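For reference, the structure is listed below as structure tokens.
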Amino acid sequence: MPPGLARTTPTERRAALREGLASGRLLRFPGAFSPLVARTITEYGFDGVYVSGAVVAADLALPDIGLTTLTEVAGRGQQIARVTDLPVLIDADTGFGEPANVSRSITIFEEAGLAGCHLEDQVNPKRCGHLDHKQVVSSSDMLQRIRAAVLARRDPGFVICARTDARAVEGLDAAIERARAYVDAGADLIFPEALQDEREFAAFREAVDVPLLANMTEFGRSPLLDVATLTDLGYNAVIWPVTTLRAAMGTVEETLGALRDKGTQRDLVDRMQTRARLYELIDYDAYRAVDQDLVDFEIPVRPTGPATTGE
């Protein structure tokens with residue numbers, strides 16, 4: 001196998017995700033904005049990798065208002081999934097269009113090697129789930145999205161997660177009722193967005209009998225609950241969608257400020273990733289070994305003389 005690629009198959013990673021969701025423990029999914037970050041998440045022993053639509057948009061210097069395309073999001077997801085043995089869950093926003101578009105999205109995500117995706121019940125174009133003035137589609141419209149996703153799925157292991165943004169629009173009880181309906185339509189995992197306190201997280205757990213995902217994004221409406229608390233609340237997965245991007249960009253801005261103001265990065269070098277660590281993450285030695293094998297390879301010389309007849 002070429003170096004740098006996942007050693008497990010997409011089917012195996014989907015099975016691992018489903019087994020994890022059924023295990024009773026909390027699966028931890030930090031967000032990755034690049035394949036290198038995904039590789040680091042893998043090395044640090046997490047349970048999976050999350051690809052945020054907001055992060056894909058931000059990395060393209062775009063707001064999270066539905067401007068990215070299926071091709072852009074799936075392409076980033078494929079780049080990330082190909083380098084990690086962990087299951088990768090991706091943000092499908094509203095499915096990139098009408099139910100037929102949702103069907104195609106599922107097909108593309110499966111072909112990209114992803115373990116699952118989540119669809120949300122916002123109107124299209126959507127907005128960040130922790131901002132004001134969101135709007136949600138009717139329950140019947142969202143049920144069509146979910147059914148389209150379920151029918152399009154070819155690998156039964158592919159996880160279809162339904163996200164509801166209704167808490168901020170219609171209230172907690174309505175969000176719970178929507179979630180129950182989404183389960184009946186075939187959703188494997190429920191993602192209640194922008195819950196406001198532990199009581200609301202507990203209410204969702206009591207009311208919904210399939211695995212639940214918690215979003216612990218910074219600067220949002222939900223409190224930043226730790227892994228122990230979410231485990232006690234009975235949640236099955238947690239995502240930190242934008243954490244690595246925010247941390248990285250904070251360091252980028254600090255570094256650029258030093259270059260502008262001091263004319264050198266000298267004072268920051270001891271806080272940077274070393275060349276040796278980078279080479280370790282990208283498995284530089286394995287590529288060098290392959291290259292050396294090719295350099296040393298000799299093409300066998302075919303024997304000369306009359307052809308043998310086999311007699």
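Observations on the model:
- There is no residue in the range 244-264 that is under 19 Å from residue 25 (Cβ atoms), surrounded by 17 or more Cβ atoms within 10 Å (Cβ to Cβ) and of a type in the set (Val, Ile, Thr).
- In the range 86-117, the qualifying residues are those that are part of a loop (DSSP other than H, G, I, E, B) and open to solvent by 40 Å² or more (accessible area, probe 1.4 Å), and the one that is nearest to residue 280 (Cα to Cα) is 96.
- Scan of the range 244-269 for residues that are under 31 Å from the mean Cα position of the chain (by Cα) and among the charged types (D, E, K, R), ordered by number: 246, 253, 254
- Exclusive hit being surrounded by fewer than 20 Cβ atoms within 10 Å (Cβ to Cβ) and under 22 Å from residue 220 (Cα atoms), set 135, 122: 135
- Filtered residues of the range 253-285 (kept if outside any helix (DSSP H, G or I) and more than 30 Å from residue 84 (Cα to Cα)): 263, 264, 265
- If you go through the range 155-173 and keep only what is farther than 30 Å from residue 11 by Cβ and open to solvent by less than 30 Å² (accessible area, probe 1.4 Å), you end up with 165, 166, 171, 172.
- Lone unmet requirement of (1) within 19 Å of residue 162 (Cβ to Cβ); (2) without any contact (Cβ under 8 Å) to a residue 24 or more places away in the chain; (3) of a type in the set (A, V, I, L, M, F, W, C); (4) not in a helix (DSSP H, G or I) for residue 61: (1)
- Within the range 1-30, if we keep just the residues that are open to solvent by 70 Å² or more (accessible area, probe 1.4 Å) and among the aliphatic types (A, V, I, L, M), the residue that is nearest to residue 212 (Cα to Cα) turns out to be 22.
- No other residue among 88, 137 is farther than 21 Å from residue 45 by Cα and in contact with a strand residue (DSSP E or B) (Cβ under 8 Å, 6 or more places away or on another chain) apart from 137.
The values are calculated or read from the model by the stated rules, or taken from the named source; none is laboratory data. Remember, predicted model here, so these are calculated numbers, not experimental data. Note: ideal-geometry Cβ built from the backbone for every residue, glycine included; neighbour counts use all protein chains shown. Heavy atoms of the whole protein, side chains included, go into the accessibility calculation; ligands, DNA and RNA do not. Shrake-Rupley method; radii C 1.70, N 1.55, O 1.52, S 1.80 Å.
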